[in-house]
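Structure below; questions to follow.
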Amino acid sequence: MKFFTSLLVLGSVLTPTFANALSYDAGKFSFKLTGYGTAGLIEPDFETPIFVGDWRVRGQMNYAINDIYTFGAVYAIDANAVEEDKFMREAFMSLDNKNYGRAELGFTDSIARKLGLGLPDVGGLRINDKPLFHKKIIPDGPVISDTIISTGRSALRMNLATKSIDGKQYGVSLAGLTDDYNWAVDAGLKLRHSSGKVKTAFSFGASFMDNPDDYSNDVYTPNVTADWRAQIDAGMNLQYNSWIWGVSGRIVYDENPIGPISDGLVVGTGVSYDLLKYSVSLTYMFSDTGVWNHDVDDFLDHMVIGSFRYKYSANVDGWMSLGITSKTPFVSAGMRLTF
């Protein structure tokens, strides 16, 4: 009862005051500002409610040089970056060629991550990007919480990606000039196919990082120092009408790691369904850390979350999640405003 009383009070002060994204278009030049804000409550072990907040703002500028080339610039910041004392989530420049593809230079995700496929989820706990529930429910051990390859956004990076040709898109990226590692190279592939009511997508990614030095990857695993780190991932989404089923997995291997173990594997699956203004999803994820090192015991973590979302309007929706992770059951609910 305490949880729902607190939720009603929270909802009464979250009245939206905007309706559309901020955008400007003047021929060859355009600008767009998008973002969201999420506020809610989470109740671990069904006891005392704890506030959960999340937000992101992203600005993008494009300039059409001619009929073929378009120059762009992106800056984004979010709650997670601020919590980690970073001044941005991503900041990069891009050059698009409508016949071939896109090049990016700056601080952003690798192409393996951008072409990767996450798990279906309609809740507000950010399952596919450093999940919010672990901010309030600390795992009993190291958890690899993301099924998509990650090599961070703090190194200067160049991404090259083809345009989608017959449903196929390829990309490579190279990163360096950072204290976290010497250099990293990533590659990604996404395949899309549509056949009437059935749509499928497949993704494959690979990454190699040379000499990670106290590198922070998943927020719930120890920083890694090793000779090198290799990662692979794969994902699939299958959509039939309003049903979406997804499965994805990621393997992380560190060569001669120093200190606590932070590599292993994570796999997950999920399903979601949309009906008018309502959406529901069920997501499961399994993490095994330390699987490659026989000198330490593995840490196994299971996560199950069911979520419900109701869309009040184009900019406002409410969500509720019920789940269990790290042996801790919880209930969570909140509202999200988008622009």
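Any read-out appearing in this document is the output of simple, stated calculations on the displayed coordinates, not a laboratory observation. Quick caveat: nothing in here was measured; it's all calculated off a predicted structure. Quick reminder, even Gly has a Cβ in these numbers, built from the backbone with ideal geometry, and neighbours come from all protein chains shown.
What 222 nm value per residue comes from the helices of the chain, counting each DSSP H run with n ≥ 4 as -39,500 (n - 2.57) and dividing by all residues, nearest 500 deg cm²/dmol? Mind dumping the intermediate values first?
Values: 4 runs with 24 residues, N = 339.
Using -39500 (n - 2.57) per qualifying helix, the result is -1500 deg cm²/dmol.
Convex hull over the Cα atoms of segment 182-239, averaged projected area in nm²? Write down the numbers at each step before the final one.
On the way: hull surface 19.2 nm².
One quarter of the hull surface, i.e. the mean projection, equals 4.8 nm².
What's the long-distance tail for segment 150-308, i.e. % of Cα pairs beyond 18 Å?
On the way: 8353 of 12561 pairs.
So the pairs more than 18 Å apart make up 66 percent of the total in segment 150-308.
Would you work out which of Thr48, Leu132, Ser281 lies farthest towards the positive end of the dipole of the chain, given +1 charges on the beta-carbon of Lys and Arg and -1 on that of Asp and Glu, about the Cα centre?
Farthest towards the positive end: Ser281.
Where Lys and Arg each count +1 and Asp and Glu each count -1, what net charge lies around Glu83 among other residues with Cβ under 11 Å from its Cβ? It would help to have the intermediate numbers written out before the result.
Working: positive: Lys86, Lys130, Lys135; negative: Asp54, Asp78, Glu84, Asp85.
Local charge sum for Glu83: -1.
Now for a separate question. Would you mind telling me which residue in Asn66, Asn237, Asn211 has the biggest mean-square fluctuation in a Gaussian network model of the chain, where springs connect alpha carbons within a distance under 10 angstrom?
Looking only at Asn66, Asn237, Asn211, the largest GNM fluctuation is found for Asn66.
Over the Cα atoms, compute the radius of gyration (one decimal) and Dmax (the largest Cα-Cα distance, rounded to a whole number) for segment 296-339, in Å.
Computed over the Cα atoms of segment 296-339, radius of gyration and Dmax are 15.0, 51 Å.
With Cβ to Cβ distances under 12 Å as the rule, what net charge do the other residues near Thr178 carry (K, R +1; D, E -1)? Can you show the working numbers first?
Values: positive: Arg153, Arg157; negative: Asp179, Asp180, Asp210, Asp213, Asp214.
Residues close to Thr178 contribute a combined charge of -3.
With a point put 7 Å past each Cα toward its Cβ, work out how far Phe71 is from Asp274 in nm, to one decimal.
Those two pseudo-labels are separated by 3.6 nm.
Among Gly141, Val198, Val224, flag the residue with its Cα farthest along the positive direction of the charge dipole of segment 131-224, charges on Cβ as +1 for Lys/Arg and -1 for Asp/Glu.
The residue sitting farthest along the positive end of the dipole is Val198.
Convex hull over the Cα atoms of segment 258-339, averaged projected area in nm²?
Working: hull surface 30.0 nm².
Result: 7.5 nm².
When the Cα centres of segment 216-264 and segment 155-198 are compared, how far apart do they sit, in Å?
16
Determine the sum of side-chain charges near Ser279: Lys and Arg each +1, Asp and Glu each -1, restricted to other residues whose C-beta is under 13 angstrom from that of Ser279.
Numbers: positive: Lys277, Arg309, Lys311, Arg336; negative: Asp121, Asp274, Asp317.
Its environment carries a net charge of +1.
Assign unit charges at the C-beta atoms only (+1 for Lys and Arg, -1 for Asp and Glu), then state the dipole size of the chain relative to its Cα centre in Debye, rounded to the nearest 20. If you can, show how the numbers build up before the last one.
Working: 30 positive and 38 negative charges, 398 e Å.
So the magnitude is around 1920 debye.
Could you give the size of the charge dipole of segment 136-222 about its Cα centre, using +1 on the Cβ of each K and R and -1 on the Cβ of each D and E, expressed in debye and rounded to the nearest 20?
Values: 9 positive and 10 negative charges, 184 e Å.
Once rounded to the nearest 20, the dipole reads 880 debye.
State which entries of Lys163/Lys311; Lys114/Lys135; Lys130/Lys163; Lys136/Lys277; Lys32/Lys114 exceed 26 angstrom in Cα-Cα distance in the structure shown. If you can, show how the numbers build up before the last one.
Working: Lys163/Lys311 33 Å; Lys114/Lys135 24 Å; Lys130/Lys163 28 Å; Lys136/Lys277 29 Å; Lys32/Lys114 20 Å.
Violating the 26 Å Cα-Cα cut-off are Lys163/Lys311; Lys130/Lys163; Lys136/Lys277.
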